[in-house]
Structures are given as structure tokens and as C-alpha cells.
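Have a look at the structure below, then the notes.
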Amino acid sequence: MPVQYILREWDFQGLNLKMAPPVFIPRPETEELVDWVLEEEAQRPCAAGTQGGPLILEVGCGSGAIALSLLSQLPQQSQVIAVDKEEAAICLTHENAQRLQLQDRIRIVPLDVTLGTLPRIFLGGGVLDTERWWTHLLPWGPMDLVVSNPPYVFHQDMEQLAPEICSYEDPAALDGGKEGMDVIIHILALVPQLLKGSGSVFLEVEPRHPGLVSSWLRSQPDLHLDLVAVRRDFCGRPRFLHIRRSGPQCGCPVGT
Amino acid sequence: MNRHLCVWLFRHLSLDGYHQHHIRLHSQQFRQIRLDTRMWIFRQNRNYILHSLLSKNSSRRYCHRDTRMPWKHKALQKYMGDLNKEYLKLDQCLQHIPVNEGDRRSLNQRHAELAPLAAIYQEIQEAEQAVEELESMCESLNKQDEKQLQELVLEEKQTIDQKINMLYNELFQSLVPKDKYDKNDVILEVTSGRTTGGDICQQFTREIFDMYQSYSCYKHWNLELLNYTPADYGGLHHAAARISGDNVYKHLKYEGGIHRVQRIPEVGLSSRMQRIHTGTMSVIVLPQPDEIDVKVDPRDLRVDTFRARGAGGQHVNTTDSAVRLVHIPTGLVVECQQERSQIKNKEIALRVLRAKLYQQIVEKDKCQQQSSRKLQVGTRAQSERIRTYNFTQDRVTDHRIAYEVRDIKEFLCGEKALDQLIQRLLQSADEEAMAELLDKNFKSAK
């Protein structure tokens, strides 16, 4: 059994978080994702969010590691909306937020970003899409940042994972489909609906993904998204992606 | 010959001055009002030495010489005379003769350095003159057989003697060359030695590390553990800690070296046979540089981690957060697995690497000083046996200054007893530095 499940707690970015099976255990690489987001936020002018702190969406919050470590290091007015499709993850994030006294700044929403049909532009035809589930998130306003550590393991690699991962952690938190791209595509698809014109997307991915993501974005010109930066983790593997809107940065999201 | 006299001279000052002072305090209470305020501060600084002089615990081997004025010694007089002359010359130079900017700056610097020394020297000269006058007055009074006045004059003379004493101490303090790294923080590393069997070394290492921990509490320093690797059965294999505070390096620099232990162990594997065991452990004290002192280029580093194999990320969930940094230009390797977070481990490893690089710079500096001092800090000292802790005879002996302390348990508490030893070491080091300085001057004058 992974030691984090035995101890029922582990550290992440200096915070002590509760761990419970089968919720995904935060990996050390993800700490660098948080560092990168904080660096980028520090460089932007302070008028980023209307409230003085950025509004962040985290997809697949798991134990709440990314969301809570961002909140603890960003200004008081920053807020996070954390979504996850797994009930256990929702509960655990809630518990951790309360442990760290951050429950007022985080909203935890059970939501499966892969559900519901993809927007019209993918279907290449005149099929209207009635289930715009992401409209649930719209009342909170357009986001400044979308951050995620989505399941990105290639499906064929799943059986080669170490036994302590296969037997104890939620496979849905790991399996990313045929090329590990399923969840990533869904996130990138909803970006135009939810993200501010000047906003950014930060993702943690598999080392093989930067090329795949780049070519996919080019094949979807209507999304108007560009891969602007790839960062390596401490082992030197390309691990993190920074994606922004291409072209003129307009203030309002497309098609509300 | 020179050296002996200088050493004797220094000791005499610190000792006899005290004896006189102390005895006077007891016999002439009302005289205290006339004492200089500086004298009080001076006495408080050396208070524990005074206490140790009077306590029965320390077994010092001092010879009590007569109360002749030792500072009439030629070398010191000559040296001070030379410095004074230089100062006066510089004074004239800077005022009358025009010099260009670069020279002026260096001359000004030298002038500023010599100013306090020259001032003290002037004071000493005046005080000595006053003493001579009093002596002659004393003699004349003797002839006139006026006991009362004579007593008063004698007392006046005593007071001025004290003042001269104190001025000379001040002079010594300013003359003794200071170690450039004295103010730095340190990284203290303890490593247990090897024996043919049993774990006496590991137990001993743990006790010594605990001693240093309490010592840094006693001195109100901040101790941060960088590495703590316990051995089996309760001993300590090796440990490292970062100690920050005031003048940490100054106090701990002479702790580096091999410490030897002789005991009949009560606990642990070795206790089965009741025989005296000997073991060793080594202590390394590295001055910790400030951020600006040592520049480490990230491109010169290679980071090795356990997650380096395979795809990493979501594919792997090993809890090994150990980090190993390799500094490519120098080949230094530093490991750290103290913390749960790999980022924190990397930071700690980087700090230790900085300290080790700094140590290399320091060593290079010190190697250039061709000194034959007994109290050395540097590569030679690292492999020398500096202290023996004999538990069966309840005695700690420091071999460099031939100093013994009783009551090992008290010593290992890492408080007053250890502090006294360290002060004694510092004093010896000062004496030797002073002797060397005068020697050099003497030789160069010839």
C-alpha cells in the first residue's frame, strides 16, 4: 500500500494534506507546476482579477493539492473553483480546505468535464448541442487561469504501472485514453467558453504530449489557442504546458 | 625565546592583573568608586575565567611570576614604537604633502587603522609617565618619613597600574589579527569513526552531537538539522546541522578534528564485556557563506533523483525524495533526503554544496598562511586527534593546549564547562597569533 495512504497524510508545497484511497496522491513534479503558475501570476499587473486576485479553475482537483497550495500563496482575494468527477475527491478536497482554513476561498463542484457532448465546432456539422454543462460555471465569471493535472497516462501503459498504483489509486485519475489526450482535449475545448481573453491554461502532461497537443491545437483553428511555453520538470523531461489565446486578446469569452 | 616571553607576558596580564584586582576589591571596597567604568565591563567579559581561576575544578598549570612590569619587553615596545612612528608620518604626509587619489585612499585607510592603536599607545605613555612621577614622589616622601601621604601615593600608583594593565589588554585585542570568517554561520558535521566491533563510536557520536545542540541553545544560536542518520541500537552514524547566530564560527572553529573516547560502555552492544574500549568520531566545522560569497551556476549542476528512471509523473509513486547534486567543475557531490519534498531537499543540498565550495576557498586561503601554530584550522587539523574523553577517569583532555576538565557528565551537557574550554582555546589562539605577529615584525626589522 502506498505509504501516503498508510500515514493518511502527505506534504505538498509545504502544506500537510490528508490522503485517503482511492483519491490520487499528489506527485512531486506537480509542485513545480504550482511554482510556475505563481511565477507567472507575480509577473502580471495587479489588475488581473476584478477582485484583486485571480479567479482560477482547477480541473480534477483530487486531494485539493494544487488548488490549496495556490490559494495559500496568492493574495487574499484570489479564489479557486475546483471540479472533480469523483465524489471521494470532492469530500477530501473539502476536508483539506477546512484543515487549512481556506474553505471560504474555494468552491468545490462535482463535475465531469468529459460528460456531455462536445461543442458544435467538433462535430463539423449542424448538430446543435443542448447540454452545455459548463454553463454551471459561468455565473462565477470568466476565469483568469485554468490549471490542471489531468489523467494523462496512455491507456496501453496503464497495466505497466507499479502495483501500488494500480491496486490503490483511482484508475480514472490516471487513464487518459488512447493517447492520454482525452481529458486534455476536453479541457482545451471548454477554454474559449470560460477563460478571459488574457487568461492562461497551465497543464501537467506526459513527456510525449507537448508535440501532440501542439499539433492538435493547430488542427482546431477555431479555438484560437496557442501553446506558448513548455517547461521541464526537475528530471529534465518536458512536463508542463502553458497555453493562451492566439490573436487579439479580447476581454470577453467567445459565445456566451 | 621571543615566543615564550610573549606568551608569558600575555598570561601575566590576564592573570596577575586579576589577582591584584580581586584582592584589592576585597580589601579596599571604597576604592571601587575611583575605578574606570571600562574596567567593570572588562571584568564582566572575563568573569567566567575569574570564576574558573578560583574554582577547584580546573587544573591549570600557570606559574605565578613576580609582579615586574612585563610590557617593557623589547619586541612589543619596538613594535608599538614603529606603529606610532608610522602613524605620525602618515599624519604629516596626508596634511602637507599632496598625493594622488589612489595613494591618498590607501594612506587614509592605513591612517584610520592605526589611529585607535596610536591613541591607546599615547595613553599608555602618559600613564607610565605618571607612574614614574608617583614613584619618585614616593621615594622622596619615604625620605621625609610621611607614612600617610606615602600610602595615598602608593594607592594612586596602584590605580594607574591597573589602568595601564587594562590599556595593554585593549591594545592586544586590537593588535591580534582577526580571522576573516569569524562572524559567519557554520555547518557542523559529525561522523562516527570505525572500531573493530561494537557501537561505542556511534553512541559517542550521538552524545557529542547532543552536546553541541545544547551548546547552541546555551549561546542562543539557531540550530537547523540538515541531516540525521541514526545507526542501529540508538547511536548516530552521521549528522549535519546548520548553526546561525553571532560569531558562531569564532567559537566552533576549534572543535573540528578527531575526538577520542575511552570508556567501559554501559549500554549497547559493547557493554557485554566490561573492558575499556577506544573509539573516535570526527567533527567538521564549515563556515557558511552568505549568498553573495559563493556563486553557483545552475548550469554547473547535475541533479540526480530517484524519479529519473522511466516516465515519472503520474506513472511513478515512489516516496524517495532523495536528491543528489553533482557540481561538475569541482566534482563535489552532495546528497540530501531529510525532507519529504524533493524541492526542499534540493534547496538543502544546494546550501550544503555552497558551504563546501566556500570551505575549499577558505582552505586555499589558509594553506597560504605558512603557520606553525598549534591551534590550526584547516586540512591538517581535520585528521588530528584534538581531544580525549576518558570516562573511566572522568576527564576530558584537550591535547592542543594540554588542558584538562573533570566531570565529563557536566561537560557533555554542553554548557558552561564547554564554554570555558572554548574560551581557553580562543585565548591560546590569540596568544599564538600575537607571538607570531611580533616575531614577524622583529625579523623584518632585522
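The values are calculated or read from the model by the stated rules, or taken from the named source; none is laboratory data. As the structure is a prediction and not an experimental result, all values here were calculated from the model. Ideal geometry is used to build each Cβ from the backbone, glycine not excepted, and the neighbour counts take in all protein chains shown.
Observations on the structure shown:
- Tally of residues being free of Cβ contacts under 8 Å to residues at least 40 places away in the same chain and of a type in the set (Ser, Thr, Tyr) across the range A:51-109: 2
- Selection within the range A:17-28 - modelled with pLDDT of 85 or more and under 22 Å from A:Phe234 (Cα atoms): A:Phe24, A:Ile25, A:Pro26, A:Arg27
- Per this entry, B:Ser174 is counted among residues that are among the hydroxyl-bearing types (Ser, Thr, Tyr), closer than 30 Å to B:Ile124 by Cβ and in a helix (DSSP H, G or I).
- Selection count, the range A:168-213, where residues are of a type outside the set (Asp, Glu) and part of a helix (DSSP H, G or I): 21
- B:Ile187 vs. criteria under 21 Å from B:Leu426 (Cα atoms), over 18 Å from the mean Cα position of the chain (by Cα), surrounded by 21 or more Cβ atoms within 10 Å (Cβ to Cβ) and not charged (D, E, K, R): no
- Highlighted here are the helices (runs of 4 or more DSSP H) found entirely within the range B:31-133 that include at least 1 residues which are at pLDDT 50 or above, under 22 Å from B:Ser428 (Cα atoms) and within 26 Å of the chain's Cα centre (by Cα): B:74-96.
- Strands (runs of 3 or more DSSP E) contained entirely in the range A:1-74, each with at least 3 residues that are within 11 Å of chain B (Cβ to nearest Cβ): A:9-12
- All of B:Glu432, B:Glu436, B:Glu404 fail the test of being of a type in the set (D, E, K, R) and outside any helix (DSSP H, G or I), apart from B:Glu404.
- Residue within the range B:255-273 that is modelled with pLDDT of 75 or more and out of contact with any strand residue (DSSP E or B) (no Cβ under 8 Å at 6 or more places or on another chain) present: no
- The range A:224-248, residues that are within 14 Å of chain B (Cβ to nearest Cβ), surrounded by fewer than 16 Cβ atoms within 10 Å (Cβ to Cβ) and either touching a His at 6+ places or on another chain (Cβ under 7 Å) or assigned to a strand (DSSP E or B) (or both): A:Arg232
- Residue that is modelled with the highest pLDDT [pool: residues in the range B:274-286 that are of a type in the set (A, V, I, L, M, F, W, C) and surrounded by fewer than 21 Cβ atoms within 10 Å (Cβ to Cβ)]: B:Ile284
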